[in-house]
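Report on the structure given below.
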Amino acid sequence: MTNQDIGGLFASAAALAAKFRGGVDQRLQRPLNDYSASLATFKEPLPKEGMEMPEVLTELEIKAEPGLHMPTGPRFFGWVMGGSHPVGVATDFLTSAWGQNAGNHMAAPSASAVEAVTASWLLELLDLPRESSVGFVTGATGANFTCLAAARSSLLRGVGWDVDALGLFGAPPITVIIGDDAHTTVFSSLQYLGLGHERVVRIATDRDGRMKPHDFELALQNVESPCLVILQAGQINTGAFDDFETLVPIAKQKGAWVHVDGAFGLWARASEVRRHLADGVELADSWATDGHKFLQTPYDSGYAIVRDEEAHRRSMSITASYLPLAAAHERDPSQYVPELSRRARGFSTWAVIKHFGKSGIAGIVDNACDSADEIATALSREPGINVLNTIDLNQVVVSFSNPVYGMRNDDCTASVIARVQENGEIFAGGARWKGQGVMRVSVCNSNTNLRQARRAAAAIIAAYRAVAKADHEIA
Ligand SMILES: *Cc1c(COP(=O)(O)O)cnc(C)c1O
């Protein structure tokens, strides 16, 4: 392989990437192929002989493109997904080209150092206790898992049990207190850690998914064992925040470890206008958040933030005679995550923060939230469209009804979602919220602006009117 071969290959990957990203705005905002069509496209026997490198790329593009979704587009409002900003993508490309293994500082000096610096930037951006440690994980799921492992270690150490060495067999029980509308991945993390996703005390929530403080206080009254309290900043459907200023002090009186799932909501802290939503969140002990949502890093980027660095490292450390031991002033990335070998995730976060700066990141959050507000305001002017949540952040939850002709609300909502997705001018998905079918509109891409938001609202209203009209004609 010559340098020319490599250069040509990398250049063609860059050209394919640029072609794709340049055309996202003009495309249908959904894949052309669903899963089974994608599987049929890729399915073939194990290749016996190899293929030339440029042909591999060409074939991949032809096969993969029809099955690509468009979270990088300005009118993608599905789930809660960030836009993989080009500066992060280019950095990720370089990261792969450099081929660093970010396990430890000897194997990857730059990758380890960039994490150390970026970690302190993140603490400043989110305004969390500066002594906290930060693990660069795959996403908020990995972050929840990592933080809860530190919590488990610390809580049981407090009652004289070394869970990291002895495991949970015979350990004193931990009481886990969690809101009814916590994200599913928090329950998964409890499952991975032997704490069980059902063996929890669930607290009732209000219409936006916030824990009810009175119920929370009552539940804590009788707790005697070590206690883990899990709160949230940014409910997955509504964007709502638990009332940290009220709840954290109650939990602290019981000596509880307070963890906050702030996958996207924690980024309200970066905005002067919206940081009040998360007031008191800094009183917690650990925080999970994502880079690949509001911050717009490419996928595979989340942060596990733990106030007690020792608990964090104790629960994650891997030691072996062939691995160098870090001195106190040296960072080994693997000591903060449940992995050894991995890509050097710190580079893309570093690049995105360098590009946007603190003010630019505040702008991303405010722009997304203003766009969500614009969509909600336009939708709520249309009779039959019901915005169900308070728009504090970037999430809009809506249901659709056709009161005149008697179509069931859930059927009406499902039909509107199907029509919106089929039209493909925007993408929004569905969920069940408080017992009814809803459309979720999540604004989480730095390309979405007020103009795109108005276009999105018009597309949803047009789909609703078409559904209502068809219902009328049947009736
Ligand atoms: C997205 C999300 C998660 C899971 O994060 P991943 O990055 O998908 O692992 C957890 N909690 C909340 C509130 C989320 O929005």
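Since every read-out is calculated from the coordinates, none of them should be taken as a lab result. Small disclaimer: the values here were computed from a predicted structure and weren't measured. Neighbour counts are summed over all protein chains in view; Cβ atoms, including those assigned to glycine, are modelled from backbone coordinates with ideal geometry.
For region 89-167, which trypsin sites (Lys or Arg not before Pro) are both in a DSSP coil and crowded by at most 10 other Cβ atoms within 10 Å? Walk me through the numbers on the way to the answer.
Numbers: sites: Arg130, Arg152, Arg157; in loops: Arg130.
Of the trypsin sites (Lys or Arg not before Pro), the ones in loops of region 89-167 whose Cβ has at most 10 other Cβ atoms within 10 Å are Arg130.
Projecting the Cα atoms of Pro109, Gln296, Phe20 onto the charge dipole of the chain (Cβ charges, centred on the Cα centre) puts Phe20 farthest toward the positive pole. Model label sites at Lys212 and Lys252, defined 7 Å from Cα along the beta-carbon direction, differ in position by 2.6 nm.
Treating the beta-carbon of each Lys and Arg as +1 and of each Asp and Glu as -1, no other charges, what is the dipole magnitude of the chain about its Cα centre, to the nearest 20 debye? Please list the in-between numbers first.
Details: 42 positive and 53 negative charges, 108 e Å.
Here the chain has a charge dipole of around 520 debye.
Between the residues Ala204, Ala327, Trp287, the greatest Cα displacement towards the positive end of the dipole of the chain, with unit charges on the Cβ of Lys, Arg, Asp and Glu, is found for Ala204. Peptide packing for 252-258, 26-32 was compared via the average number of neighbouring C-beta atoms within 10 Å per residue; ordered from the highest value, the list is 252-258, 26-32.
What the phi angles of region 334-341 give under the Karplus curve with 6.51, -1.76 and 1.60, with θ = phi - 60°, is a coupling list of 5, 6, 10, 9, x, 9, 9, 6 Hz, glycine and proline written as x.
Look at the dipole of the chain built from charges on Cβ: of Phe10, Ala37, Ser317, the Cα furthest out on the positive end belongs to Ala37. Rounded to the nearest whole Hz, the Karplus-based 3J(HN,Hα) values (6.51 cos²θ - 1.76 cosθ + 1.60, θ = phi - 60°) of region 82-95 follow the sequence x, x, 6, 4, x, 5, x, 5, 4, 5, 5, 4, 4, 4, with x at glycine and proline.
The charge dipole of region 144-200, taken about its Cα centre with unit charges on the Cβ of Lys, Arg, Asp and Glu (plus for the first two, minus for the last two), comes to roughly 140 debye.
Packing, taken as the mean count of other beta carbons within 10 Å per residue, orders the peptides 38-44, 298-304, 232-238 from highest to lowest as 232-238, 298-304, 38-44.
A straight chain from Lys48 to Ala14 at 0.36 nm per residue would run longer than the Cα-Cα distance by 9.4 nm.
Listed values for region 413-421 are Karplus-derived 3J(HN,Hα) couplings in whole Hz (6.51 cos²θ - 1.76 cosθ + 1.60, θ = phi - 60°), namely 4, 4, 5, 5, 4, 4, 5, 4, 5, and x replaces Gly and Pro. Taking the inverse of the mean reciprocal distance over all distinct Cα pairs, the Kirkwood hydrodynamic radius of region 3-68 comes to 13.6 Å.
If you average 1/r over every pair of different alpha-carbon atoms in region 100-343 and take one over that average, what Kirkwood value in Å do you get? Could the numbers behind the result be given before it?
Numbers: mean 1/r = 0.0554 Å⁻¹.
Across region 100-343, the inverse of the average 1/r is 18.1 Å.
Taking one quarter of the surface of the convex hull spanned by the alpha-carbon atoms of the chain gives a direction-averaged projected area of 25.9 nm². In plain terms, the C-alpha convex hull of region 358-474 casts an average shadow of 7.1 nm² when viewed from every direction. Listed peptides 336-342, 451-457 appear in the order 451-457, 336-342 once ranked by packing, highest mean of other Cβ atoms within 10 Å at the front. Considering helices alone, the calculated mean residue ellipticity of the chain at 222 nm is -14000 deg cm²/dmol, with DSSP H runs of length four and up weighted by -39500 (n - 2.57) and normalised per residue. Using 0.36 nm per residue and subtracting the Cα-Cα separation, the extra length available between Asp127 and Ala204 on full extension is 24.8 nm.
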